[in-house]
Amino acid sequence: MLANVLSAALQGIDAAAVQVEVNSGESGEPKLIMVGLPDAAVKESDDRVFSAVANSGFQMPRTRTTINLAPGDLKKEGPFYDLPIALGILDATGQMESNAMDDYLIAGELALSGETRPVKGALAMALLARKIGKRGVLLPTHSAREAALVEGIDVYPVSSLETAHRFLSGMTKIAPLAKDAFFEATSPDAPAKADFSEIKGQQTVRRAVEIAVAGGHNLLMIGPPGSGKSMIAQRIPTIMPEPGLNEFLEILRIQSAAGRTLSGELGMMERPHRAPHHTISDVGLLGGGSIPGPGEISLAHQGVLFLDELPEFKRSALEVLRQPLEEGSVTISRSAGKVAFPCQFMLVAAMNPCPCGYLGDKKHECRCSPTQIQRYRSRISGPLLDRIDLHVEAPALSIEELRSEKEGESSASIRERIAAARDRQRHRLAGSSNPTNARMSHSELRRFCALDDALGNLLQRAMEELSLSARAYDRVRKVARTIADLDDSDEIRDNHLLEAIQYRSLDRNLFY
């Protein structure tokens, strides 16, 4: 007897339909044969399924049984197919009478006891089920919570093979999960978050950070050890506007495909903050693998990618950032296929001014030679530096500043100004996929960042004196537009442009 169950395979952050075909009753030695380009984890599912079926009170087929995962040219990986294979076997051997199987997309890993275990990519599977017109999805309870965020599709949590069997046979009913189930399950009493009020001094850096977040600009902080660069970077997510539901679904789809939602690393409506170590490989940063998966830049989508000790990263790893920073997406090509990952992130980087870290420090003597300093700074290429909109110095703090009990401005008040500036941008760039000044197209740049003759001449002189590139020219105008938005101004004025220019003071000949 032949049974068909619809499941899915992950391709990047999207899901592709996989038809699980189970044919039982064939002549020959009693055994399971699996075809359809399964990987090792899929091939092992027959052992898990055998135990799960037996421990759930059902009978395994006593004849030769063939399981086909179609289409045959699509590589299958992971334990997604345990539950659909087990249900297909029950249907093919006459142990389940159900006409409802075709209405659902089913995925899930099985324990030897027959209980279900969560799988990654549940959100993408729910989106696929809605796209192809299915009534709903059957998923392990933990995975079903994130899938419940997708509107227009019923998501049914199943805790075991027996529960799924009884539901599909009509012997029991399961209420579909409400949309709030994900937040109720993943948002326990959260610990107090870090706040910008804890930052001592560094008013110039705080201002640069506010501008960078308001316009979605990339930021580089240069200063000696202990000046608070990492501390400031860790607090940047606290001043970023909360993502909307559609934006959060986009974030969650990537996190789900990477398996981060399985461990509860991301729950509330928050933006990601990724801080990889400088020993990370090119693949770890960009993404890839035999079957391409998201890297750190995609996991930071719509959030912050913080690279501490920037010159310590491998040159090749830094250079692969250039195209994603420009285009907001990265395409990975492998023998298994070509996959595109979104990566519209805000790059925040920190570095010392020299190898020892004390160049320009009034209290510590720098022991680096000019050659050592030049070699250290040249690890960051000019094209990459061009793509960082704001460069700001973070000087060492004085003892008086460290001892001060006066709190700085809180994250909440900074976030209010940033939200107002973002609203102006959203209204101005209506219809854009990412309505921030940093992502303006060339036509939008000409329209919304136009300079009069006086301001144009001012910027031209700055370009000549600082030896800025054409890319830096455009980025200065974008930063000036953001400063004007924070100032609630419809036009870019001279003070806005001058402040934007000063954030390129570490560029090119002055930097190297």
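The values are calculated or read from the model by the stated rules, or taken from the named source; none is laboratory data. The structure presented is a predicted model; accordingly, all values stated were derived computationally and were not measured. Note: ideal-geometry Cβ built from the backbone for every residue, glycine included; neighbour counts use all protein chains shown. The accessibility values were calculated without ligands, DNA or RNA, using every heavy atom of the protein model including side chains. Shrake-Rupley method; radii C 1.70, N 1.55, O 1.52, S 1.80 Å.
For a test of the definition: using alpha carbon positions, the gyration tensor, and the 1.5 limit on a/c, classify segment 73-185 as rounded, prolate or oblate. It is rounded, given that a/c, with a ≥ b ≥ c, falls under 1.5. Extension gain for Ala454-Ala16 works out to 152.1 nm (0.36 nm per residue, less the C-alpha to C-alpha distance). Taking each of Lys76/Lys314; Lys120/Lys338; Lys76/Lys120; Lys193/Lys406 in turn, the alpha-carbon distance tops 24 angstrom for Lys76/Lys314. Looking at segment 381-489, the accessible area is 51 square angstrom per residue; that uses a 1.4 Å probe and ignores ligands, DNA and RNA. Available extension along the chain between Arg367 and Gln502 is 45.8 nm, counting 0.36 nm per residue and deducting the alpha carbon span. The Stokes-Einstein estimate for segment 231-347, based on a Kirkwood radius over Cα pairs and taken at 37 °C with 0.692 mPa s viscosity, is a diffusion coefficient of 225 µm²/s.
Taking 0.36 nm per residue of separation and subtracting the current Cα-Cα distance, fully stretching the chain between Glu29 and Glu327 would add 101.7 nm.
Note on Ala340 and Leu74: their simple-model spin labels are 1.9 nm apart, each label 7 Å out from Cα toward Cβ.
Take 361-369, 342-350 and order them by the average number of nearby Cβ atoms within 10 Å per residue, most first; the result is 342-350, 361-369. A straight line joining the Cα centroids of segment 404-441 and segment 274-323 runs 25 Å. For segment 172-326, carbon and sulfur atoms together expose 50% of the accessible surface, with a 1.4 angstrom probe and every protein chain in place. Look at the alpha carbon pairs under 8 Å that are at least 6 residues apart: their mean separation over the length of segment 126-177 gives a relative contact order of 33 percent. Working from label points 7 Å from Cα in the Cα-to-Cβ sense, the His278 to Thr204 distance is 2.3 nm. Look at the dipole of the chain built from charges on Cβ: of Pro61, Cys354, Gln302, the Cα furthest out on the positive end belongs to Cys354.
Principal-axis analysis of the Cα atoms of the chain puts helix 470-486 at an angle of about 90° to the longest axis. Note: relative contact order over the chain, using C-alpha pairs below 8 Å and six or more positions apart, is 13 percent. Each residue, Arg446 and Ser197, gets one label point 7 Å from its Cα in the Cβ direction; the gap between the two is 4.8 nm. Highest-first packing order for the peptide set 474-487, 242-255, 17-30 is 474-487, 242-255, 17-30, based on the mean count of other beta carbon atoms within 10 Å.
With bins 5 Å wide beginning at 0, the percent of Cα pairs of segment 400-490 falling in each bin runs 3, 12, 19, 18, 15, 11, 10, 7, 4, 1. Ellipticity at 222 nm from helices only: DSSP H runs of n ≥ 4 in the chain, each -39500 (n - 2.57), divided by the residue count, give -10500 deg cm²/dmol. Peptides 495-504, 432-441 ranked from most to least packed, by the mean per-residue count of other Cβ atoms within 10 Å: 495-504, 432-441. Here the accessible area is traced with a 1.4 Å probe on the protein chains. For segment 382-469, carbon and sulfur cover 48 percent of it. Legend: calculated FRET efficiency, Met269 to Ser230, from the Cβ-Cβ distance at R0 = 22 Å, rounded to 0.05, equals 0.30. A Cβ-based charge dipole, computed about the Cα centre of the chain with Lys and Arg at +1 and Asp and Glu at -1, lands at about 840 debye.
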